[in-house]
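Here is the structure we will look at.
The values are calculated or read from the model by the stated rules, or taken from the named source; none is laboratory data. No experiment lies behind these values; they were computed from the predicted model shown. A quick note on method: Cβ atoms are made from the backbone with ideal geometry, for glycine too, and the neighbour counts reach across all protein chains shown. Accessible surface is based on the protein model in full, side chains and every heavy atom, while ligands, DNA and RNA are left aside. Shrake-Rupley method; radii C 1.70, N 1.55, O 1.52, S 1.80 Å.
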Amino acid sequence: MGKPTGFMEVKRAENPYRSEAERLCDFRDLHLSLPADARRAQASRCMNCGVPFCQSDFGCPLHNLIPEWNDLLYRGREREALERLLQTAPFPEFTGRVCPALCEKACNLESDALTNRDNELYLIEAGFANGWIQPRIPRTRTGKRVAVVGSGPSGLAAADLLNRLGHEVTVIERADRPGGLLMYGIPNMKLPKEIVERRVRLMEAEGVRFVLNAEADPGALAEYDAVLLCGGAKKPRALNVENAGAKGVHFAVDYLTAATKAVLSGGEPAVTAKQKHVVVVGGGDTGNDCVGTALRQGCNSVVQLEMMPAPPTERTPVNPWPEWPRTLRTDYGQLEAIHRQGGDPRTYETTVKRIIADAAGGITAVETVRLKGFDPIPGTEQTLPCGLLLIAAGFVGCETATAERFNVALSPRGAMMPPDGSHRIRDSLFSAGDMRTGQSLVVRALADGRAAAMEVHEYLKG
Ligand SMILES: Cc1cc2nc3c(=O)[nH]c(=O)nc-3n(C[C@H](O)[C@H](O)[C@H](O)COP(=O)(O)OP(=O)(O)OC[C@H]3O[C@@H](n4cnc5c(N)ncnc54)[C@H](O)[C@@H]3O)c2cc1C
Ligand code: SF4
């Protein structure tokens with residue numbers, strides 16, 4: 001433990017956001033960084049607790065060695081701190097930007113927790129800036145060939161580890177760019193796409209092969225010694241109301257994908273919120289990303305509807321520390337809407353009852369209704385003008401087409417979870433990430449991809 005009194009002397013300081021007024025004008029990174037001395041002071045706050053819940057099952061799914069690298073960072077030994085971090089964390093440049101920091105919620109300092117996420121981001125970016133991150137090419141190859149289907153965080157983490165273990169890895173990706181939801185899902189302002197591309201280039205230099213615009217075909221994959229399916233769980237929950245197929249009604253991930261493609265390639269997105277009244281169905285994180293994106297595209301207004309009641313502002317007795325707190329959070333997009341519109345865009349216990357379309361089949365308005373539990377309250381209907389309705393109501397599992405093609409039975413939750421809870425479906429076929437667990441978090445997908453890679457490795461060793 002570097003500084004026994006650090007947590008009493010230094011106040012918690014997160015990386016600040018750029019101001020709403022500034023960041024709403026572009027899709028560039030939301031965050032600013034603190035200078036090196038401020039980061040070291042933040043790391044000095046770690047108490048090196050007897051039981052570090054931050055790296056336990058309550059905290060980081062990767063079991064990052066948080067007290068160890070915080071101590072090294074406090075002492076100014078950044079390069080060693082980064083090496084310690086990379087022992088468990090494959091891509092800190094992703095988790096340092098998008099992880100909800102489960103570790104911080106499990107910290108013994110509770111609401112005054114360490115800034116582990118920002119500290120890990122500082123370390124990895126220092127690694128890239130100082131040239132400490134170089135391709136690590138395996139000295140020996142096993143001669144075994146592995147196909148990883150899908151290049152989201154689970155596929156990338158598995159490919160990275162399998163390659164380090166000496167296997168020849170090919171990643172097969174349907175999209176035109178690798179990254180899964182890191183590329184087409186999480187918006188550019190939260191995770192700039194050059195960060196994803198930088199990691200993919202590094203993996204290529206280390207020997208991983210990426211095949212893009214390619215659909216996984218079980219016949220063609222027969223030549224591989226093992227196949228790991230990491231296809232995600234992007235099947236969206238649909239809205240079952242009148243006129244659900246009207247023009248101007250889109251699923252959130254399709255809308256966010258079009259927005260990122262336009263940011264990367266220039267031009268107008270295939271679907272835009274520009275000069276439209278936007279209604280987002282779903283009060284969660286995906287809905288928040290839609291709010292932030294719609295505001296940047298120049299929407300006239302945006303509201304976010306949530307069926308559930310607003311969460312409490314404080315932990316309740318049934319949700320004690322060190323569990324993840326199920327409390328009200330106001331994320332960047334909602335803060336931007338408050339700045340632009342003067343009020344929180346979220347309305348709770350409300351849903352869309354009916355979509356109103358014009359003669360040409362284009363959406364013009366939605367009729368909403370208040371809910372008690374899941375039941376509509378008669379007489380509470382309201383009509384909101386709407387030119388773009390975005391459905392961010394959650395996901396119901398992985399694609400049935402891929403499951404059918406590979407002849408895999410899905411669990412009742414639509415996941416490729418083998419009954420024994422492992423990653424091995426049968427013979428040389430494995431699954432990982434959201435495809436195995438259902439829609440989750442980047443850090444969980446990374447941890448699951450690495451766990452699957454170890455099972456594949458054990459299988460290949462015979
Ligand atoms: C809008 C949005 C924002 C999110 N924001 C956050 C966040 O801020 N923080 C966080 O921790 N989590 C976030 N998540 C959740 C997180 O992104 C996912 O849990 C994570 O990406 C899952 O990783 P994965 O590798 O399992 O799958 P995915 O990232 O979904 O990747 C699957 C890949 O497989 C490809 N694929 C599928 N089938 C085939 C096939 N048959 N052939 C070839 N390729 C195929 C797909 O094209 C895709 O690229 C967000 C999710 C969404 C939808
Ligand atoms: S990956 Fe997430 S949970 Fe793990 S140390 Fe980083 S911020 Fe914390």
- Among the aspartates and glutamates, select those whose C-alpha is under 17 Å from the C-alpha of LYS261, and discard any that sit fewer than 8 residues away in the same chain. ASP26, ASP29, GLU173, ASP176, GLU194, GLU197, ASP289
- Query: Once the other residues with Cβ under 14 Å from the Cβ of ASN300 are scored (Lys, Arg +1; Asp, Glu -1), what is the net sum?
  - Reply: +4
- Percent of all alpha-carbon pairs of the chain at distances over 28 Å, whole number, is 55
- Query: Highest mean first, what order results for 60-73, 315-328 on Cβ atoms within 10 Å?
  - Reply: 60-73, 315-328
- Item | Convex hull volume per residue for the stretch 249-391, taking Cα atoms only, in Å³ | 129
- Task: Name the long-range amide H neighbours of ALA365: under 5 Å, sequence gap of 5 or more, or other chain; modelled H, no Pro or chain starts.
- Result: ILE356, CYS386
- Query: Counting only protein heavy atoms and using a 1.4 Å probe, what share of the accessible area of the stretch 249-391 belongs to carbon plus sulfur, as a whole percent?
  - Reply: 55
- Item | the chain - percent relative contact order, Cα under 8 Å, separation 6 or more | 16
- With a 10 Å radius around each residue's Cβ, average the other Cβ atoms per peptide and rank 224-231, 376-383, 160-167, 15-22, highest first. 224-231, 160-167, 15-22, 376-383
- Order of 419-425, 331-337 by packing, highest average Cβ count within 10 Å first? 331-337, 419-425
- Return one whole number: the accessible area per residue of the chain in Å², for a 1.4 Å probe. 44
- Task: Starting from the amide H of PHE251, placed 1.01 Å from N in the peptide plane, find each other amide H under 5 Å away whose residue is 5 or more places distant or on another chain.
- Result: ILE391
- Item | Charge context of ARG117, other residues only, Cβ under 9 angstrom, K/R +1, D/E -1 | -3
- Within the chain, percent of DSSP bridges classed antiparallel, to nearest 5: 35
- Please compute the net charge surrounding ARG370, taking Lys and Arg as +1 and Asp and Glu as -1 over other residues with Cβ under 9 Å from its Cβ. -1
- Rounded to 5, percent antiparallel among DSSP beta bridges of the stretch 249-391: 50
